[in-house]
Amino acid sequence: MGSTLAAAAMSAFALGAGASDNPAQANVAPQERLGLLRRYELGPAPLADNLNAFADANRLQIVYDAEVTGGLRSRGLVGEYSVREALDRLLEGSGLSYRLSEQRSTISIRLAQNDTVRNDASGAEPLPPIDVGTEQKTGAARGGRRAKDTGPGGRFTGYNTTSTTGALKMDAPILQTPLAVQVVTRQTIDDQQAFSVPNAIMTNSSGVQPQLGYFEQYKVRGFTTWPYRNGLYQYSPGFVDTTNVQSIEVLKGPAAMLYGRSEPGGIVNIVTKRPLETPYYSIQEQVGSYGLTRTTMDITGPVTEDKSLLYRFNGEYISEGSFRDFVNDRQVFLAPTVSWQPIEQFKINIDFEYQHRTYLNDSSFFPALGGAPAPIPVSRYLQQPGVIGNPAENYDRKLLAYDWKWDFLPDWSLTNRFTYWTANYRNMNSLAGAFNAATGDWTTSVFSYPGYEQETLATNVDLKGKFETGPLRHSVLLGYDHTQWRWPMLEYMISTSQTMNIYNPTYIPLQNIYGNVRGWNPQRQKWDGLYGQDMISAFDDRVHLLLGGRFDWARTGSNTNYSSPDLARATFKDHYDHGFSPRIGLTVQPLPWLSLYGNFTKSIGANNGQSLGGQALPPQRGEQFEGGVKAEFFDGRLSASAAYFDITKTNVPQANPANPNTSLLVGKVRSQGFEFDLTGQVDENWSLIANYTHDDVRVVQGVTNPNLATEILTQQAITGNVLPGSPRNYGNLWLKYDASGELSGLSLGGGVTAVASQLGDNANSFVLPAYALLRAMVSYQFKIDGYTITAQVNGNNLTNTRYFTTSSNRYNLTPGTPTIIMGSLRVEF
């Protein structure tokens, strides 16, 4: 003990005499640094490891007696915390406490057992100090996990994370959050070789299903939603890629209180990669079935010697065919990012993205015949490729975004985010018409979008802070956001009708067959919102009460002149909406590893299109009651959650059979069910992702006296009917084994996805059969001269199961992908 104490004293003296060589920290006094917020990503580990990582993250040295921390583990630390808060969480459950005392330019933190720490030193054995002060230059990087949990490129090498920023727009442990949240980590994306966002989330979170559509949409708890990017809304993006994605957050239930006019089922928030201080370079080549080849690059590091300016660049080129005849895809994606931190209290990230895609689309034309999908090969293309591909379809998207954060006072910060992106489409497609079941003849009309422009702008400002009122600790958030999107030119042309036999199709040569019908339909939408939230913690951090509310103002405008591109104000009919969205939640944590929670929340959604008079319809309204339980096992390595939810949504849009350019409203739809998720590590070798969903999604107020003779044609929503593409039960299991010892570097994985049968249209006139899909993965990682090389092979739908994922009506089914084998080779250094 004596020698350890002597070493600690010498270290404290050296630290106190040292001077910082980091200009970002030189003007920050030690006492002030205790209150500065810093983001940590420390996984479950021995307490000594996490204390060392904590010191590295703050550019500090740490000295302690190994006998005090020997055999103790820490549950980890993920999120933004001050020095005091971070130490509280790291030492939680360890039986250790600490005492702070300022000594000139350092702060000493003395560890001791709880029963020996006193306000004075009498009777307490002095223990080695942890000195928080200026750092000697050691080359330690800021904000790192312990080495074992941080892979190349800043990847968290695991499936489980214990904190989220998206659910509350502030860092909070998931165990204390009174909402259902799932996070898909980068390790999950890499292990499953999921290079599109839908593939990354469909099997790794309960409550998520695919949604038929040309744009990037998902169904969360039965309701369609658009993705968010770093907390900002994206309206109708296409082909969202995972090349520069760090993680994906699935936030369940109405999120309108913080995110505005969103769907009540939940939202998907995409978190992008950020520049690193440690240089990193990676190149990956993937090849697979149907001519797939994909090349990706990821490089990052400091620009300046003091590491105040960092960069990162992610790029992709992909070329692939499809199991569907004639369908093909080529894409280039570039995503440079820079980070600048001139002082410790301020940091800004600036992002650029460019995406160019040329393709022959697969618009999911596949008919139902009788009570099931038609018995034709899923590879059959039921459009005219010579027409659809002339001229070639393309999609160009450009994005500029930034986010900055200023810690202007201890425990107080100001954050601003901004995103602007524009997209240009040239797209061709077909409209399903009459189908003769006896002969198999199908009549369609080809339409084109030769001029399709879209612009989306989103920004917000968040003020966050922490304070205490007596025994209550408050984490408050006040914010404002603004979002607008517009289609300044949505031009479409419709050709003459085409007839094709689904059993014996005849494809015509390449030609342009535009008809004389031409139209323009510009649209615009804008909304603003003010919101506030308070997370109140009490009773030794065992009870957390969440109170929040938001008020929205929105304007929606649609052009009613379809015969000319006249954009005069008189051609628009604007509709103004406003509404209040409250949220209340409660979490009770009787044990450090167990919490019970419940919440009630309301939401306001987007407008639903136009009525017959051209007026925008009123917004959708959502309401949810939810209750659940969360738990962490094996020192936080494994997380489990179970939730019951009851969501209702009013003013649901329904296509008007009398006029396809207008909509009708369904009175009310209800989604009621149960979810279970289990994610993380059982031990050092075994990891798993398991989830199950039971969800009953049906119309509770709709058409009460339908005309059954015309229901298949009109597709009206009937009271009591199940919404199409809504399986009652579905679940996923993924297991991974990381070998150790002589086989270290070898990983084996596999899983199954099981989905119950689902009704295919609003009329509930046919059934998409149940299905089960098998997946597998094998990879081997090794090092040569400083290079980390990973060879990997994945197989999806190994039994070549024929299945259908969702639908919108009898003539727009979506066949699932047959067996796909994909191999990759990644080199990192």
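The values are calculated or read from the model by the stated rules, or taken from the named source; none is laboratory data. Only a predicted model underlies this, so the values are computations on that prediction, with no experimental measurement involved. In this analysis, Cβ positions are derived from the backbone assuming ideal geometry, glycine residues included, and neighbour counts consider all displayed protein chains.
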Listed residues Asn685, Asn691; which is surrounded by fewer than 17 Cβ atoms within 10 Å (Cβ to Cβ) and either touching a strand residue (DSSP E or B) at 6+ places or on another chain (Cβ under 8 Å) or within 28 Å of Leu768 (Cα to Cα) (or both)? Asn685
Anything in the stretch 344-375 that is more than 30 Å from the chain's Cα centre (by Cα), assigned to a strand (DSSP E or B) and surrounded by fewer than 19 Cβ atoms within 10 Å (Cβ to Cβ)? List them, or say none. Leu369, Ala372
Six or more apart or on different chains, Cβ under 9 Å: which pairs go from a residue in the stretch 158-181 that's over 21 Å from Asp88 (Cα atoms) to one that's among the polar types (S, T, N, Q) and at pLDDT below 85? Could you list them? Val181/Thr164
Which numbered condition Asn199 fails, given (1) of a type outside the set (Lys, Arg); (2) in contact with a Phe, Trp or Tyr (Cβ under 6 Å, 6 or more places away or on another chain); (3) not in a loop (DSSP other than H, G, I, E, B): (2)
So, Gly720, is that one surrounded by fewer than 20 Cβ atoms within 10 Å (Cβ to Cβ), among the small types (Gly, Ala, Ser), in contact with a strand residue (DSSP E or B) (Cβ under 8 Å, 6 or more places away or on another chain) and assigned to a loop (DSSP other than H, G, I, E, B) or not? yes
Can Arg486 be described as under 28 Å from Gln234 (Cα atoms), of a type outside the set (Asp, Glu) and at pLDDT 75 or above? yes
Which of the residues that make up the stretch 291-321 are assigned to a loop (DSSP other than H, G, I, E, B) and exposed (fewer than 15 other Cβ atoms within 10 Å of the Cβ)? Gly291, Val303, Thr304, Glu305, Asp306
The condition from (1) modelled with pLDDT of 90 or more; (2) in a loop (DSSP other than H, G, I, E, B); (3) surrounded by 23 or more Cβ atoms within 10 Å (Cβ to Cβ) that Val250 misses is numbered (2)
Looking at the stretch 725-740, can you tell me whether even one residue there is within 30 Å of Asp683 (Cβ to Cβ), out of contact with any strand residue (DSSP E or B) (no Cβ under 8 Å at 6 or more places or on another chain) and surrounded by fewer than 20 Cβ atoms within 10 Å (Cβ to Cβ)? yes
If the Cβ limit is 6 Å and pairs must be 6+ apart or interchain, which residue in the stretch 646-665 that is assigned by the TED database to the domain that holds Thr719 and within 18 Å of Phe223 (Cβ to Cβ) pairs with which residue that is at pLDDT 70 or above and of a type in the set (Asp, Glu)? Thr648/Glu623
Selection status of Val387, crowded, with 16+ Cβ neighbours inside 10 Å, closer than 17 Å to Asn328 by Cα, at pLDDT 85 or above and of a type outside the set (S, T, N, Q): no
